Structures are given as C-alpha cells and as structure tokens.
1. Please work out which one of (1) buried (at least 16 other Cβ atoms within 10 Å of the Cβ); (2) modelled with pLDDT of 95 or more; (3) not hydrophobic (A, V, I, L, M, F, W, C) is the condition Arg380 fails and give its number.
2. For region 653-692, give me each residue that is farther than 22 Å from Lys329 by Cβ and of a type in the set (Asp, Glu).
3. Restricting attention to region 550-570, which residues are out of contact with any strand residue (DSSP E or B) (no Cβ under 7 Å at 6 or more places or on another chain) and either in contact (Cβ under 8 Å) with a residue 60 or more places away in the chain or not in a helix (DSSP H, G or I) (or both)?
4. Which ones in region 479-524 are surrounded by fewer than 18 Cβ atoms within 10 Å (Cβ to Cβ), of a type in the set (Gly, Ala, Ser) and in contact with a Ser or Thr (Cβ under 9 Å, 6 or more places away or on another chain)?
5. List every residue pair whose Cβ atoms sit under 6 Å apart, with the two residues 6 or more apart in sequence or on different chains, where the first one lies in region 639-657 and is among the polar types (S, T, N, Q) and the second, anywhere, is assigned to a helix (DSSP H, G or I) and surrounded by 16 or more Cβ atoms within 10 Å (Cβ to Cβ).
6. Can you find a residue in region 375-386 that is part of a helix (DSSP H, G or I) and touching a strand residue (DSSP E or B) at 6+ places or on another chain (Cβ under 6 Å)?
7. Go through the residues of region 461-477 one by one and say whether even a single one is of a type outside the set (D, E, K, R), assigned to a helix (DSSP H, G or I) and in contact (Cβ under 8 Å) with a residue 60 or more places away in the chain.
8. Take residues that are among the acidic types (Asp, Glu) and tell me which of the strands (runs of 3 or more DSSP E) falling wholly in region 156-213 contain 1 or more.
Amino acid sequence: MTDTITIDAPEHFNNREISWLRFNKRVLEEAMDEQNPLLERLRFIGIFSNNLDEFFMVRVAGLKDQFRAGFNRPDNKSGLTALQQLEAITKEAHPLVQTQQDYYHVLKQQLAEENIHIGSIDKLSKKELKWLEQHFEQVIYPVLTPLAIDAYRPFPLLQNLSLNIAVTLHHPDETDKKLTAIVQVPALLDRFVKIKNKHHYLLLEDVIRYYIDRLFTGYKVEDTICFRITRNADMNIHEEGSRDLLKEIEKELKKRRWGVAVRLEIMGEKGAHNQHLINFLKYVLEVSNDDLYYHGGPLDFTFLLNVYSQLKQTFEHLVFQTLIPQPPKEVEPLVNIFDQLRRKDIMLHHPYESFEVIVDMIEQAALDPQVLAIKQTLYRVSGDSPIVNSLKLAAENGKQVTVLVELKARFDEEKNVQWAKALEKAGCHVIYGITGLKTHSKITLIVRKESDRIERFVHLSTGNYNDQTAKFYTDLSILTSRREFGIDATLFFNFLSGYTFKPTFHHLSMAPYHIQHDFIDYIEQEIRYHEQHHDGHIVAKMNALTDKPLILKLYEASNKGVKIDLIVRGICCLKPGIKGVSENITVTSIVGRFLEHSRIYYFHHHGEEKVFLASCDMMTRNMVKRIELLFPVLDRRHKKRVMDVLTVQLADNQKARFQLPNGCYEYKHQPSDQAISSQLSLFDLAYQSSIH
C-alpha cells in the first residue's frame, strides 16, 4: 500500500492556475465544436475572452504581487513558486490566445456565408463609405481626444481594460523626428458600428484608425497600434480598521481602474508594427515580453456577446433551440405555496424548472399580511432584480426585513453597493456579513403567523437569487417548512446579524467551522463501510476542487478501494487514475450551453445513502474564508431525483470530458446512436414531467 508521504507529492496534484486555463480551453472548444450553432460558437469566444480577462486581473495579478514582494514559498500542492507559476501560465496561455484568434477567423468566414460581416471597411461601397464618413464626423470625432506625449504632456494613466490607439507621426518638414500620441477608444460608444440596413459590423477602433489623420492635421501618421491594458483589479479591503465597509469598498472600486498593468495586448501579428513604439509601451506600462500578447484580429472579443444579442432573433437557425424552463413538477400552480409547504418539501432544478416559483414566493411573502419577517442572503442579483423589489415592498409594508448583501462579491461589488443603499432606503435592515469572511450561502427564511402559531418557511439553494442567471446556471434548491430547518435558519441569521457563538444546528453544516470536518468524517465513514461490505461509492459534483486535506482524504479512500466519481466543471487539483494514489477516482468535466453550478455530495454508506446540497465547492476558500451552508436532502423522492441527475451527468458522452492522469482532458465521445447530452436529457425530463 502506498504511504501518505508518497501520496502527498507535487506530481500528484494539478496546479490551480494551469487547471483553470485548461478549463477555459474547454470553453474555447465549444467555439470549435461544429455541433454547436454558428452564433453560439461566436458567443463562446466572447465568454472565453471574458474569463481570461478576470483570470489576469485577479490570479495573474496576485502571483505578480507575490513575486514582487519576494514571496518564494511554493504552493502547497503542485510545489511551484509564484515565478514558476507565471512561467507556466505564459507557456499555456499564449497558444490558447492564438487558437482563439484562429477560430475567430474561421467563424468570421462562415458568418460571411450567412451574409453577416464583421470588419472589412475596404469592402464598403462608395455610398456606404460616405455614410461612414458622416457617422465618424458627427458621432465619433467629437468624443475623441488625441493626447500628445512629450515633456509637458506625459503618458496618460489609462484605465483597466480600456482600448487605446498609439500613434507614431512626424511633421512633414521634420521626417526624422518621431512623435507619439494616444487616442483612447471611447468606452461610452458602441464597440461596433453597424452599416445601415445590413448585417455588417465595423469595430469602432478600426473606424477611428481609418480616419485617424483627421485628428492630427498637418502631421503625417506613420503607424497606429491598437492596444489594451489589463490591470490588477483585486481589492485590498482593510475590514478590521474600517468603520463603514460600504464606504471602504466604494473607495477601493475607484482604485481598481488604475492598478498595476499585468498584460499588454497588441492588435497585429508580431513584427507587424514599429518595434520602437511597442518598446515604449512596455517601458511606460512596466510589462515584460511574457506579458505581451499579439492578436492577429481584434482585441477584447467580449464585443461578440453584443453581436450575438443583436443577431440571435433574426438568425434563429444559428442559435440553440429555445428551451423554456418548465413549471416545476412538484408545485401545484393554483395552490398557495405556504399551504403546499406545510404538506411536503419541494425541490427545484434550474434552469430546467422555472425560477419564477422563488420570485413569486418572495413577492407573495411581501404582500401576505400574515408574514411577519423575511430574512435573506444576497450574493449576486440581476440588474433589475424582482427579488430585491419584493424585499423593498415587504419593508414598506411594515414587515421585518433583514438582508445580508455581500459587498465583496467579486466584480459585482458596485452593483451590490447600490442594492444595499436602495434596500436601506426602503426600510430593510442591511448587514454586510462578518469581518474577514465572504457570505456565500444562499438561504431565505420567511416567518409567518397562522392563527396563534408561528411557522417558518426556508429556502436553501446551491445558486444565487438571480432571476437572469437562473436561466442558464444549473442549480438545485429545497423549500421546506420542517421545524428543524426553521430553527437552524433562525440561528444562522442571528449569528450573521448579532453577537453570538457559532450555533449548533440540527441539519445545517456551516463553513468555515464544520463543513470541511464533516466531509472528512463522511469520507472516513465510507471507507469503514467499504472495508466491511466492499460497496463504497462517493459521487461529488462541484465547480472546483482545490482543498488539499479533502483531496488527500479522497486519495486515501481510493487506496482503500472506494469508488469515487467526481464531476468538476472547472479547476481540479486532484489527478485521477494514478496507480497507488487515485486509481479508483474518475474526474468528469461538463461544459455546454448551461453553466454547471449545482453542488451535490453523495455517500453510499452501504445503502443508507446520504445526499447533500451546498453553496460551496471543495475549495480552500470555501472551507476557510467564506460562510457557506451544506444541507441534507431528507425526502426520499428528492434523494432519487438528485441521484438521477448524477447518473445522467456521468453518462454524458457529448459535452463531458474526462481528466487523464497527466491533468489534460479528452472527450467522452461515443457513436451517435449512443449519444447522451446530460443537459438536453434533463430538459427532456422536465418537459415530460410538465405535460403529465
């Protein structure tokens, strides 16, 4: 038997950052998959680009901070220092960006066959060129500001993710004297210019470059380079010394735009531009060659998400068939939801089943004169959230409304600050959580008075209270009026809002105090059952797996013979299939039209099956830095439903990839007559349930 020391070796773990890049590669593969409709493939290029931006702004920026600070301690799994991780990222990311560019040009050609054109000013007719010139003069030109770079006008401080054009020019009488200027591409204008009455889109930066000489009258433009800066966007929030967290975050949000540069993107192939100008940009932005990314096509492909939105209704044959979330099979449409919950628990599975049940329940609670209080955690909500509107209405109707708004939800901070202010103004009690921890749990408690009796209704979920993402994030949730869950929810909210020691729950388990220990206990119990009965089986579905103690415990279970099937969408630091370490473990990743977001944990326990849902992944940050909830599925019907979901996902051979022992992934493709796409299968099940 392999000893612990051998198991705990760097070669038995995937590096977190490289694993993430390989996840984003799987996203890019969806753009390359010809089974996906053309516009959907275009959209996946935009998603890949957005993902990569966030990766550089947070993860790469953090590693650079470590390196600059002289922090050389290797990470605790793969054994790589910050510098070694940065070098590995460079090696992995550059080919990915090149693949993105290559496939963009492939898709661009296919779009042209559908009479959809992106770019190509040279292909415009004289009439169209005249229109474009007028559009430039009337709409674009007045907004532009050319910025000369000289002793009196220093290089401007350019915002994070802004598009800019560097210009090399000279005076006709002084051809040897090179001058430099910067023109920022206005972020408030649409990124693309649509030619009237056609599906022909020109990028704003291309139009500006086409007419750039009009900004420098009397000078000769020699070269233009479109470039984009990515800056460190992580926030250093000093919670301990802050008297008002909301104001502290508002202050930090302003700083985010001006962080240290971590990536410089150049439009054009390497060697296509004036190297002196590129060296100048590297110098003023303090970036190295490894931070420099050349693009043969446009920068910032997130504009494709807007192109997709504009075209999807006109070109329905180029997008996924619309799948409408079905009425949940367990919900009786004309019966009061609280009456139903007195009789039974209800399970919901989004986006297969409609999220409107939750939206309607909060609204109903806001209007119900018998409802005394509503308590809810909010992590990410939509732009015009009906949930928030109902909470405000409830407060205005005199109900006790307590809302925890997580101000530190990354890249949603600004939106959440605004929601917090609006809720406070409406009369809600707004709290921001506990110092040093993010509140990532998803829970609602409704307290209602029926005759002389107080009753409590609880909603627990794996996903956010966001009616928009609920249309394409897969999540599971439970509605219940069970007395123990009501008591647990009350204790949990009192812990968040007041001064109290960590509570003792009936059913809930909470991080950072218990969930990691509970997982370890359940795995150890599964090992003992397997030693007695030889039927040990663990199935876990999550977004990411990085927590070393849990990975080592899974390795131990594998070596004891327990069968372990992991469904991990994104980062997975565990390596499966290594003899003497993880040979009884499989890792599947499903990337498709829906974002797999539900967290499910199953332990066979010799037939006494334990099934849990959670707000957390098996990540270190979820175990020790966030307030999370793990909750059991108690209803026998619901256990079967959850196990059926896991079975279908493990059978997927269309959108599923399996991880090899070297950390790379391969498709599980099977012959077409045996094709199983788990997401489509689950939608079919929801549809069939709704018509019976």
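1. (2)
2. Residues satisfying the conditions are Glu666, Asp673.
3. Leu552, Tyr555, Glu556, Asn559, Lys560, Gly561, Gly570
4. Correct list: Ser497 only.
5. Sorted first by the residue in region 639-657, then by its partner, the pairs are Gln649/Ser678.
6. Among the residues of region 375-386, not one is part of a helix (DSSP H, G or I) and touching a strand residue (DSSP E or B) at 6+ places or on another chain (Cβ under 6 Å), which makes the answer no.
7. Going residue by residue through region 461-477, those that are of a type outside the set (D, E, K, R) are 461-466, 468-470, 472-474, 476-477.
Narrowing further to those that are assigned to a helix (DSSP H, G or I): 469-470.
Narrowing the set further to residues that are in contact (Cβ under 8 Å) with a residue 60 or more places away in the chain leaves 469-470.
The answer is yes; a qualifying residue exists.
8. So the answer is 174-184.
The values are calculated or read from the model by the stated rules, or taken from the named source; none is laboratory data. On a predicted model such as this, the values are computed, not experimentally measured, just so you know. Don't worry about glycine lacking a Cβ; one is built from the backbone with ideal geometry, like all the others, and counts go over all protein chains shown.
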